[in-house]
1. So, in region 74-95, how many residues would count as being within 12 Å of the ligand (Cβ to nearest atom) and surrounded by 16 or more Cβ atoms within 10 Å (Cβ to Cβ)?
2. How about region 5-37: which of its residues are free of Cβ contacts under 8 Å to residues at least 60 places away in the same chain and among the basic types (Lys, Arg)?
3. For region 150-162, check the following and say yes or no: at least one residue is away from the ligand (no atom under 16 Å from the Cβ) and surrounded by fewer than 14 Cβ atoms within 10 Å (Cβ to Cβ).
4. When region 22-52 is examined, which residues are found to be surrounded by 13 or more Cβ atoms within 10 Å (Cβ to Cβ), away from the ligand (no atom under 13 Å from the Cβ) and over 17 Å from Val112 (Cβ atoms)?
5. For a quick check of your reading: which helices (runs of 4 or more DSSP H) sit entirely within region 119-174 and have at least 2 residues that are more than 19 Å from the chain's Cα centre (by Cα)?
6. Would region 2-13 turn up any residue that is in a helix (DSSP H, G or I), within 13 Å of the chain's Cα centre (by Cα) and within 11 Å of the ligand (Cβ to nearest atom)?
7. Out of Arg90, Arg62, Arg73, Arg49, I need the residue that is over 26 Å from Gly12 (Cβ atoms), of a type in the set (Lys, Arg) and modelled with pLDDT of 95 or more. Which one?
8. Pairs under 8 Å by beta carbon, first residue in a helix (DSSP H, G or I) in region 40-65, partner polar (S, T, N, Q) and buried (at least 16 other Cβ atoms within 10 Å of the Cβ), six or more apart or different chains?
Amino acid sequence: MPLDILLLGPQGSGKGTQAKRISAEYGIPHIATGDMLRAAVAEGSEVGREVASILESGGLVRDDLIVELIRERLGRGDTDPGFILDGFPRTTGQAEALDAMLSEIGRSLTIVFELQVDDAVAVERLTKRAREQSRADDTPEAIGRRLELYHRETEPLVEYYRIRGNVIGIHGERPEGEVFAEIQEALEALPREETAA
Ligand code: AMP
């Protein structure tokens, strides 16, 4: 059985960091729509030109564009043993499209992690990252907009997945090693055939 993982949590909750560690440990690709979109902007592709100002303002790119990006990405062979989704889905429409895509290929999400951090901590971490990386959307206005959209559009997905099965809440305001250990514990507790890729 493939290991199909979704990480939910606001910007600044440590999703990217944890996704990279899971990817290295379990040999499955880390799929981050934010990274894919930033790469498109950097390349100056048609998609990149369309989304650049949306990314900068902290708004959400339209569902159909994101869903196509993910459909193409999940179609690549490296996802056969599983994948880690980071930053997608962000809306109920995207979650429904993902369900449909996965069920077409006889798959469903194995486990969903929700990394929980307070807004104040998220803002503090994003502000620190702004100093270190100068990301275009780490301005105070865009940070506020992204957190507002997270609460409005993305947080309801916790409930969406809870009623479908396997959501694990993780306290994210801890050192990354501790958070990762808890994620690993949950993955090791899965029925054996789910982790034997
Ligand atoms: P992230 O790196 O996940 O914080 O994403 C950076 C930006 O990319 C977001 O603020 C959105 O503008 C855009 N983005 C990334 N993923 C999605 C998505 N699933 N749906 C809509 N917009 C997205």
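1. Residues in region 74-95 being within 12 Å of the ligand (Cβ to nearest atom) and surrounded by 16 or more Cβ atoms within 10 Å (Cβ to Cβ): 9 in total.
2. The first filter runs over region 5-37 and keeps only residues free of Cβ contacts under 8 Å to residues at least 60 places away in the same chain, leaving 20, 24, 29-37.
Lys20 - this is the single residue of region 5-37 that is free of Cβ contacts under 8 Å to residues at least 60 places away in the same chain and among the basic types (Lys, Arg).
3. Within region 150-162, one or more residues are away from the ligand (no atom under 16 Å from the Cβ) and surrounded by fewer than 14 Cβ atoms within 10 Å (Cβ to Cβ).
4. Matches in region 22-52: Pro29 only.
5. Those helices (runs of 4 or more DSSP H) span 119-133, 140-149.
6. Among the residues of region 2-13, not one is in a helix (DSSP H, G or I), within 13 Å of the chain's Cα centre (by Cα) and within 11 Å of the ligand (Cβ to nearest atom), which makes the answer no.
7. Working: Arg90 fails: over 26 Å from Gly12 (Cβ atoms); Arg62 fails: over 26 Å from Gly12 (Cβ atoms); Arg73 fails: over 26 Å from Gly12 (Cβ atoms).
Matching residue, one of Arg90, Arg62, Arg73, Arg49: Arg49.
8. Final answer for the pair search is Asp63/Thr91; Asp63/Gln94.
The values are calculated or read from the model by the stated rules, or taken from the named source; none is laboratory data. Because the structure is a prediction, the values reported are computed rather than measured. With ideal geometry, Cβ positions are generated from the backbone for all residues, glycine too; neighbour counts draw on all protein chains shown.
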